[in-house]
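The values are calculated or read from the model by the stated rules, or taken from the named source; none is laboratory data. The model shown is predicted, which means the values in this text are computed figures rather than measured ones. For neighbour counting, all protein chains shown are included, and Cβ atoms are generated from backbone atoms with ideal geometry for every residue, glycine included. These accessible areas exclude ligands, DNA and RNA; they are computed on the full protein's heavy atoms, side chains included. Shrake-Rupley method; radii C 1.70, N 1.55, O 1.52, S 1.80 Å.
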Amino acid sequence: MKKQELQKNIGYQFEDESLLNKAMTHTSYAYEHKIASNEKLEFLGDSILEFLSSKYIYNNYPNLKEGEMTKVRATVVCEDSLYKIAEKHNFSDFLNLGKSEKLSGGKERPAILADSVEAVIAAMYIDGGLKVAEKFIIENLKNEIELATKHVGQKDYKTVLQEK
């Protein structure tokens with residue numbers, strides 16, 4: 001039942017639900033149960049996320065220079081943004097964590113939740129292809145990208161200080 005709820009939250013029905021299970025399996029749980037964790041999916045998901053967000057920025061913001069596109073992507077493809085996606089879709093309700101990780105508040109830890117988003121992106125890609133992953137990424141990051149492009153010309157406080 002839980003798998004169905006998560007699939008509804010992310011807007012995608014898996015053909016192979018074992019991919020979704022693996023995407024939601026933290027190393028602590030995997031170690032305790034001697035099964036595979038989401039680490040390899042996370043690795044692949046990170047690359048897919050970079051690529052598809054870059055493609056979106058490139059296609060939708062033609063006036064941005066290369067360096068500006070890089071800044072926008074770096075602003076958006078980060079732990080903070082991914083954590084927000086995990087919160088939006090209630091990923092913490094579906095994470096498989098080991099006992100000690102659960103006790104130490106792992107279900108609320110931004111890094112763990114952000115990693116699970118990358119793993120789910122990879123699982124979606126493997127299960128349904130690039131278009132499926134792209135739809136999820138853009139639906140969840142479009143507003144963040146738009147916001148980041150509005151601030152792209154502004155210098156952060158460190159840069160201003162260094163220039164002075």
For the condition assigned to a helix (DSSP H, G or I) and open to solvent by less than 20 Å² (accessible area, probe 1.4 Å), what is the one hit in Ser53, Ser47? Ser53
From the options Leu6, Leu64, residue that is more than 13 Å from Ala119 (Cα to Cα) and in a helix (DSSP H, G or I): Leu6
Considering only residues that are over 20 Å from Leu141 (Cβ atoms) and among the small types (Gly, Ala, Ser), which ones fall in region 93-120? Gly98, Ser100, Ser104, Gly105, Gly106
Checking the condition open to solvent by 40 Å² or more (accessible area, probe 1.4 Å), at pLDDT 95 or above and more than 16 Å from Glu39 (Cα to Cα), which residue from Leu103, Leu130 passes? Leu130
Please determine whether any residue of region 34-49 is among the acidic types (Asp, Glu), over 15 Å from the mean Cα position of the chain (by Cα) and at pLDDT 95 or above. no
Being in a helix (DSSP H, G or I), modelled with pLDDT of 95 or more and out of contact with any helix residue (DSSP H, G or I) (no Cβ under 7 Å at 6 or more places or on another chain): is that true of Lys142 here? yes
Exactly one condition in (1) open to solvent by 10 Å² or more (accessible area, probe 1.4 Å); (2) assigned to a helix (DSSP H, G or I); (3) in contact (Cβ under 8 Å) with a residue 12 or more places away in the chain is false for Ala36; which is it? (2)
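Rundown of residues vs (1) open to solvent by less than 40 Å² (accessible area, probe 1.4 Å); (2) out of contact with any strand residue (DSSP E or B) (no Cβ under 6 Å at 6 or more places or on another chain); (3) hydrophobic (A, V, I, L, M, F, W, C), yes/no style:
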| residue | (1), (2), (3) |
| --- | --- |
| Phe43 | no, yes, yes |
| Asn63 | no, yes, no |
| Thr75 | no, yes, no |
| Glu79 | no, yes, no |
| Ile85 | yes, yes, yes |
| Phe91 | yes, yes, yes |
| Leu113 | yes, yes, yes |
